Amino acid sequence: MFFSVPTLSPTTNLYTHDFLLGGRLVYNQLAAGYRTGIEPVLLSAFIPAKRGDAVIEGGCGTGAGLMCLAHRVPGIRGFGLEQDQETTLLARENFSINNFQNLQCIHATIPHIPSFMMQDAASGKLRFDHAFANPPWHADSGTPSPNPRREAARRLLPGMLSEWIASLARLLKQQGTLTLILPTGLYPQACQLMEKNSLGRITLFPLWPKAGKQPKIILIQAYKYSAGMGRILPGLTLHQEDGKYSQEAKAVLQEGHSLLS
């Protein structure tokens with residue numbers, strides 16, 4: 001059941017009017033601070049959701065990932081968690097503009113997830129079929145951003161990845177999936193943390209910048225209470241030699257296709 005959360009206008013007009021999926025979705029975001037790249041679109045394309053599933057995103061920003069998923073899979077019930085108040089309001093605006101009545105953004109900070117999201121009110125069981133996130137991943141030792149919003153969205157503080165994985169894993173039903181997009185250097189740590197939190201059957205999906213170039217980011221997916229074998233998929237080559245998106249990447253980024261075989 002959805003809570004009645006009002007959609008409010010942002011307190012500032014300093015945002016830009018953009019589009020997702022080749023113009024299929026209207027997307028407003030803050031002009032300063034964290035700006036959406038291709039990561040949420042790729043992440044949403046790898047989630048094995050189906051109509052009627054309940055999905056939660058940690059750190060949803062202004063809603064790009066949830067909207068792309070809801071466009072590809074009509075009929076999902078989607079919740080986003082966002083720590084910044086103004087970004088939360090803008091996500092709600094985006095959901096309303098695109099008529100996604102089945103999506104909501106909750107002002108909350110991981111690991112402090114609202115208690116009503118932890119259990120299904122009727123059955124008392126964990127309620128989410130899928131969880132996903134593009135968590136902060138920039139090293140704590142790096143140069144801080146002068147923009148507080150950008151700094152908060154990007155900086156991976158000690159213990160943060162563990163908190164994100166543990167918090168989202170607790171929300172999943174049995175056989176529910178957790179999907180993350182991370183730099184390749186973090187995937188061994190992420191896999192260890194997933195296994196520690198009863199997530200198995202881990203799948204790795206590399207995102208190759210060009211053919212023959214080492215991937216910088218990777219999609220990682222695991223299933224709650226699953227002991228099946230893990231696998232490494234061929235992944236997706238993002239760019240051609242001339243720097244333009246590959247046809248396969250265009251199908252995902254501009255047409256909203258799935259990365260699932």
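Summary of values
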{"read-out": "Qualifying residue in the range 229-250 (condition: closer than 27 Å to GLY159 by Cβ and either under 19 Å from the mean Cα position of the chain (by Cα) or crowded, with 19+ Cβ neighbours inside 10 Å (or both))", "value": "no"}
{"read-out": "Qualifying residues in the range 26-67 (those that are of a type in the set (S, T, N, Q) and in a strand (DSSP E or B)) - the one surrounded by the fewest Cβ atoms within 10 Å (Cβ to Cβ)", "value": "ASN28"}
{"read-out": "Qualifying residue in the range 68-81 (condition: farther than 13 Å from GLY256 by Cβ, basic (Lys, Arg) and touching a Phe, Trp or Tyr at 6+ places or on another chain (Cβ under 9 Å))", "value": "yes"}
{"read-out": "Which numbered condition THR179 fails, given (1) surrounded by 13 or more Cβ atoms within 10 Å (Cβ to Cβ); (2) part of a strand (DSSP E or B); (3) polar (S, T, N, Q); (4) modelled with pLDDT under 95", "value": "(4)"}
{"read-out": "Verdict on LEU90 being more than 25 Å from ILE165 (Cα to Cα) and crowded, with 21+ Cβ neighbours inside 10 Å", "value": "yes"}
{"read-out": "Single residue of the range 10-25 satisfying the filter (more than 18 Å from the chain's Cα centre (by Cα) and part of a strand (DSSP E or B)) that is modelled with the lowest pLDDT", "value": "TYR15"}
{"read-out": "Condition broken by ALA70, with the remaining ones in (1) closer than 12 Å to PHE132 by Cβ; (2) open to solvent by less than 10 Å² (accessible area, probe 1.4 Å); (3) not polar (S, T, N, Q) satisfied", "value": "(1)"}
{"read-out": "In the range 35-54, the residues that are in contact with a Ser or Thr (Cβ under 8 Å, 6 or more places away or on another chain) and at pLDDT below 95", "value": "THR36"}
{"read-out": "Any chance LEU81 is farther than 20 Å from GLU163 by Cβ and not β-branched (Val, Ile, Thr)", "value": "no"}
{"read-out": "Residue ID - modelled with the highest pLDDT, chosen from residues in the range 206-228 that are exposed (fewer than 13 other Cβ atoms within 10 Å of the Cβ) and among the hydrophobic types (A, V, I, L, M, F, W, C)", "value": "ALA211"}
{"read-out": "The range 204-225 residues that are under 16 Å from THR177 (Cβ atoms), paired with ones that are exposed (fewer than 14 other Cβ atoms within 10 Å of the Cβ) and of a type outside the set (Val, Ile, Thr) (beta carbon under 7 Å, 6 or more apart)", "value": "TYR223/GLN175; LYS224/GLN174; LYS224/GLN175; TYR225/GLN174; TYR225/GLN175"}
{"read-out": "Of all residues in the range 183-194 being open to solvent by 60 Å² or more (accessible area, probe 1.4 Å) and in contact (Cβ under 8 Å) with a residue 12 or more places away in the chain, the one that is farthest from GLN221 (Cα to Cα)", "value": "GLN189"}
{"read-out": "Tally, over the range 235-260, of residues that are in contact (Cβ under 8 Å) with a residue 24 or more places away in the chain and part of a loop (DSSP other than H, G, I, E, B)", "value": "11"}
{"read-out": "Conditions (1) outside any strand (DSSP E or B); (2) at positive phi; number of the one not met by LYS210", "value": "(2)"}
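The values are calculated or read from the model by the stated rules, or taken from the named source; none is laboratory data. Everything quoted here is computed from the prediction, not taken from an experiment. Heads up, the Cβs are rebuilt from the backbone with ideal geometry, glycines too, and the neighbour counts pull from every protein chain shown. Heavy atoms of the whole protein, side chains included, go into the accessibility calculation; ligands, DNA and RNA do not. Shrake-Rupley method; radii C 1.70, N 1.55, O 1.52, S 1.80 Å.
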